[in-house]
Amino acid sequence: KACRRECPTGVDLAKMKIEVLHQRHRRYGVSLEERLVGYLPRYAPWAARLAGLANLRNRSPWLARLTERRLGVAARRSLPTWRRDWIHRRERRERRGSGERTETRKLVLWVDTFNTYFEPENAFAALRVLEAAGYEVVLPAAADGGRPICCGRTFLSVGLVDQAREEAARVVETLRPYLERGMPVVGLEPSCLLTVRDEYGGLLSDPLVPGLAERAMLLEEFLAHEASRGELHLPLAPQPGRRALVHGHCHQKAFGVMPAVEQALRLVPGLELEMIESSCCGMAGAFGYSARHYDVSIRMAELSLLPAVRGAPPEAWVVADGTSCRHQIRDGAGRDAVHAVRVLDHALVRS
């Protein structure tokens, strides 16, 4: 999606690429590497249960070289670490707060595949922040009783349009009762949440899709919107002298979301913000994991992002909402980047 912002005429090359890949697959088939990327949400629940085995590759140089030869995954690149402490299906229910609340204080928190199985701490931080602000949070279970819903982004990234349409239909059916009650849908991962706004209209003809696109917001967008209405009551402790360097995800930049990210972080009293002037981090979803693209990916990150991160003081937060962006920063600069919600969660006034 960086192309949409960088191109002088605003050509959405990402959408064009999806269609080209789709047509190519119809003629030549789908490679194993592309299947591993696209089908991630369907095998993720099983891989997470076998996290110890699934994570062996990152600890074994021999396995890393083998996956490069067989699957095309760069041996020099670490893979996301599977986690077992994710929000299980039994916890995906309406979380009841104390006292009576109106429908306007209820919302849906959609935890995407990446934040479910690789970084569940972001999901739990979002729960704490939203509930501290007085909202009743719904964690939706899939309407068909199966695995957690997924936006279909991974399928779109490798041109598997039919499978992406299936995922989108599951999402709409699961969220239908909440949308009919007028509840907002809040997400964490930019590429997932903004796929709903950008691609669902072309994937589905369901009349509920425009309403979903209108009500789907990233967490920072929701908080900034509520604050602008004077409806946000989030107890945050001052962080005097604390600094945060913020890198924007390509989807956030392409859809004009970065001002909301800045507004949400400025809710923390005393926090000093520095917005990193950068283009794509170089990961572009699965692009940076490929052995063919690894060197290009790192060179892109070295243009501005990685030097800025290396120059940041050790005590500063490095903030990046995109899971791929955080991975690039860790691999390229040896620093742990955090989602913006983790900063807000850190600043919460605990009773």
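The values are calculated or read from the model by the stated rules, or taken from the named source; none is laboratory data. All values reported here derive from a predicted model rather than from experimental measurement. Methodologically, a virtual Cβ is constructed for each residue, glycine included, from the backbone with ideal geometry; neighbour enumeration extends over all protein chains shown. Heads up: the accessible areas ignore ligands, DNA and RNA and are worked out on the full protein's heavy atoms, side chains in. Shrake-Rupley method; radii C 1.70, N 1.55, O 1.52, S 1.80 Å.
For residues that are part of a helix (DSSP H, G or I) and either buried (at least 24 other Cβ atoms within 10 Å of the Cβ) or in contact (Cβ under 8 Å) with a residue 40 or more places away in the chain (or both), tally how many sit in region 150-170. Matching residues across region 150-170 total 10.
For region 131-149, the candidate set comprises residues that are free of Cβ contacts under 8 Å to residues at least 60 places away in the same chain and outside any loop (DSSP other than H, G, I, E, B); within that set, the residue that is nearest to residue 208 (Cα to Cα) is 138.
Could you tell me whether residue 45 is touching a Pro at 6+ places or on another chain (Cβ under 8 Å) and either at pLDDT 90 or above or in a helix (DSSP H, G or I) (or both)?
Spelling it out, residue 45 is indeed touching a Pro at 6+ places or on another chain (Cβ under 8 Å) and either at pLDDT 90 or above or in a helix (DSSP H, G or I) (or both).
Taking the stated definitions as given, is residue 121 of a type in the set (Asp, Glu) and open to solvent by 20 Å² or more (accessible area, probe 1.4 Å)?
Working: of a type in the set (Asp, Glu): yes; open to solvent by 20 Å² or more (accessible area, probe 1.4 Å): yes.
When the stated conditions are applied, residue 121 passes them.
When region 270-326 is examined, which residues are found to be part of a helix (DSSP H, G or I) and β-branched (Val, Ile, Thr)? I'd like the intermediate steps shown before the answer.
Going residue by residue through region 270-326, those that are part of a helix (DSSP H, G or I) are 287-289, 294-302, 305-310, 323-326.
Once the filter is applied, which keeps residues that are part of a helix (DSSP H, G or I) and β-branched (Val, Ile, Thr), region 270-326 yields 296, 298, 309, 323.
Among all positions in region 264-272, there is at least one residue which is buried (at least 22 other Cβ atoms within 10 Å of the Cβ), touching a residue at least 12 places away in the same chain (Cβ under 8 Å) and within 22 Å of residue 106 (Cα to Cα). Checking each residue in region 250-273 for being at pLDDT below 95 and either touching a Cys at 6+ places or on another chain (Cβ under 8 Å) or of a type in the set (Asp, Glu) (or both) picks out only 250.
Residues of region 30-69 that are in contact with a helix residue (DSSP H, G or I) (Cβ under 8 Å, 6 or more places away or on another chain), of a type outside the set (A, V, I, L, M, F, W, C) and open to solvent by 40 Å² or more (accessible area, probe 1.4 Å): 33, 39, 58.
Can you name the residue in region 70-90 that is more than 20 Å from the chain's Cα centre (by Cα) and open to solvent by 70 Å² or more (accessible area, probe 1.4 Å) and is also nearest to residue 113 (Cα to Cα) among such residues? That would be 90.
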